């Protein structure tokens, strides 16, 4: 009886080692899995102006950022004496980026040629307005400042 018990004990001891084996995971494998998991089109924190720093939630950050740029642009353009010969309803697309050190740069202003003829100074006014804005903090992704690009539609409408 003791021999059988001893034999069963040895058999269990010999086969149980496979349950304690661990798979070795290399740092390169962990790195590749982490890179695949990152959503490169989203940031963890949007660029911010001084009036947006207290916003903690991402949707609030984004809204504050966009509203600050839009209202600043509207105020700047509304100070100009713009007179249209005919009724205008069009959209100007302003493509800009904010570098990882917080510098705002206009990449392109897409404007219809008729709108450009109707308001020859509009592009200059948009550039001056956007250039006068200074974000104080860039966008962040996993705690690292990153470059971000945005397209701001500017609706031009006369009455």
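So which of 73, 133, 152 is touching a residue at least 12 places away in the same chain (Cβ under 8 Å), over 15 Å from the mean Cα position of the chain (by Cα) and surrounded by fewer than 18 Cβ atoms within 10 Å (Cβ to Cβ)?
133
Please go through the range 53-70 and give me each residue that is touching a residue at least 60 places away in the same chain (Cβ under 8 Å) and in a loop (DSSP other than H, G, I, E, B), ordered by number.
53
Among (1) outside any helix (DSSP H, G or I); (2) at pLDDT 85 or above; (3) in contact with a helix residue (DSSP H, G or I) (Cβ under 7 Å, 6 or more places away or on another chain), there is one condition residue 84 misses while meeting the rest; what is its number?
(2)
Of the conditions (1) modelled with pLDDT of 85 or more; (2) more than 28 Å from residue 57 (Cβ to Cβ), residue 105 satisfies every one except a single condition; which number is it?
Here residue 105 clears every test but (2).
The values are calculated or read from the model by the stated rules, or taken from the named source; none is laboratory data. Keep in mind that this is a model prediction, so the values were computed, not measured. Cβ sites come from the backbone with ideal geometry, for glycine too, and all protein chains shown count toward neighbours.
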